[in-house]
Amino acid sequence: MLEKIENLKREFDAEIQNANDKNAVLNIKARYIGKTGKISEILNEIRDASIEVKKSVGAKSNEIKIEIGEKIDKKMQQIETDEINENLAKNWVDVTLTDSKKDLGLNCAGYHPVSIVQREIEDIFISMGFEILDGPHIEDDYHNFEALNIPSTHPARDMQDTFWFSDKKHLLRTHTSTIQVRGMESHKPPFKFVGPGKVFRCEATDASHEVAFHQLEGMLVDENVSVANLIYFMKTLLSEIFKKEVEVRLRPGFFPFVEPGFELDIRCLNCGGKGCPVCKQSGWLELLPCGMVHPNVLKYGKIDTEKYNGFAFGLGLDRLVMMRYKIDDIRHIHGGDLRFVKQFAEF
Ligand code: DAH
């Protein structure tokens with residue numbers, strides 16, 4: 001019997017040496033030391049043998065079983081290492097190659113002007129205790145319209161030309177107001193947050209219209225919030241951004257998700273108010289639509305309207321960037337021309 005064990009070990013050694021993939025090794029493992037493997041067979045065979053035989057064969061079998069186990073582990077490790085090396089040899093990348101970096105925005109051009117301004121505004125809001133939230137570009141009807149008090153039959157849907165997906169249920173968000181809805185879902189009042197990001201409209205482009213542009217949504221919900229609070233926050237924001245007093249005007253504005261709603265305009269910094277393509281010759285730029293959050297919106301957000309109210313605003317980021325850097329055509333912003341982006345290099 002002992003000889004049988006020795007033979008079995010020799011057989012194993014030969015087999016494991018020739019195995020060159022994981023499956024083969026696992027197969028050998030099962031055949032030798034698995035539950036119904038060769039070692040178990042030997043132990044079964046000596047079930048009725050004398051105590052002495054059982055002792056010596058049992059001890060030897062265990063010894064061999066351990067040895068086989070160790071050899072199998074070693075072989076598996078070796079196969080894994082070989083696989084990794086083979087992969088590296090096949091798919092290697094020289095991460096020190098410098099040439100490919102030449103045209104990467106970050107290495108030669110710095111941040112995009114929209115990112116620069118967005119970060120700056122985020123910092124201003126963080127200093128006023130606001131959180132920064134994010135939301136998906138692909139939205140559903142509920143978050144883009146319904147929960148913002150724009151039911152499917154509402155004519156206000158026509159105000160925003162929408163890129164719909166063919167399922168007619170999903171769309172590219174037309175505004176960052178969707179982040180108001182998502183913010184109310186994830187927060188209990190009181191809260192205040194801003195949500196910057198890209199938005200999409202299916203419209204003809206010109207110096208002040210693009211199909212993709214940037215907004216920064218803001219929402220504050222608390223007890224006893226007033227229009228005076230709204231004006232205070234907006235004034236603080238604008239004087240921080242422009243580092244000087246800018247001329248502003250407030251007009252009534254209609255947005256279904258606020259009541260009352262306003263349009264806050266600023267004197268066009270591109271032309272100083274004389275009239276140019278950016279301000280459509282009016283001397284004023286619509287910069288900040290805002291208002292007191294409509295009770296229906298709060299109700300969709302499961303907020304107790306007896307106790308809480310709030311304000312919201314939607315800042316047009318690209319317009320702000322255009323005023324800051326005196327850019328006369330919004331299409332430069334998404335044009336992808338590095339000669340344009342490089343002018344704003346900031347890291
Ligand atoms: N979502 C609106 C738009 O894209 C802008 C807006 C208006 C946002 C008023 C607001 C608001 O938060 O209060 O046209």
Quick one: how many residues across region 248-282 are surrounded by 19 or more Cβ atoms within 10 Å (Cβ to Cβ) and outside any loop (DSSP other than H, G, I, E, B)? 5
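Tell me, which residue of region 168-184 that is over 14 Å from Leu133 (Cβ atoms) and touching a residue at least 12 places away in the same chain (Cβ under 8 Å) is nearest to the ligand (Cβ to nearest atom)?
Looking at residues that are over 14 Å from Leu133 (Cβ atoms) and touching a residue at least 12 places away in the same chain (Cβ under 8 Å), I get His175.
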Selection within region 125-153 - crowded, with 17+ Cβ neighbours inside 10 Å and touching a Leu at 6+ places or on another chain (Cβ under 9 Å): Phe125, Phe130, Glu139, Asp140, Asp141, Asn144, Phe145
In region 111-131, what count of residues is obtained for those that are within 27 Å of Gly335 (Cα to Cα) and outside any helix (DSSP H, G or I)? 2
Could you tell me how many of the residues in region 215-236 are surrounded by 18 or more Cβ atoms within 10 Å (Cβ to Cβ), away from the ligand (no atom under 11 Å from the Cβ) and assigned to a strand (DSSP E or B)? 1
Report, by residue number, each residue of region 61-83 that is farther than 14 Å from Asn20 by Cα and either among the aliphatic types (A, V, I, L, M) or not in a helix (DSSP H, G or I) (or both). Ile64, Ile66, Ile68
Counting only residues that are within 13 Å of the ligand (Cβ to nearest atom) and within 27 Å of the chain's Cα centre (by Cα), give me the helices (runs of 4 or more DSSP H) lying completely in region 285-341 with at least 3 of them. 317-325
Provide a single number: the residues in region 199-210 that are within 16 Å of Val114 (Cα to Cα) and more than 12 Å from the ligand (Cβ to nearest atom). 3
Across region 23-68, the tally of residues that are without any contact (Cβ under 8 Å) to a residue 24 or more places away in the chain and among the basic types (Lys, Arg) stands at 5
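FYI, it's all coordinate maths here, none of it is from the lab. Note that the coordinates shown come from a computational prediction; the quantities given were computed from them, not determined experimentally. Heads up, the Cβs are rebuilt from the backbone with ideal geometry, glycines too, and the neighbour counts pull from every protein chain shown.
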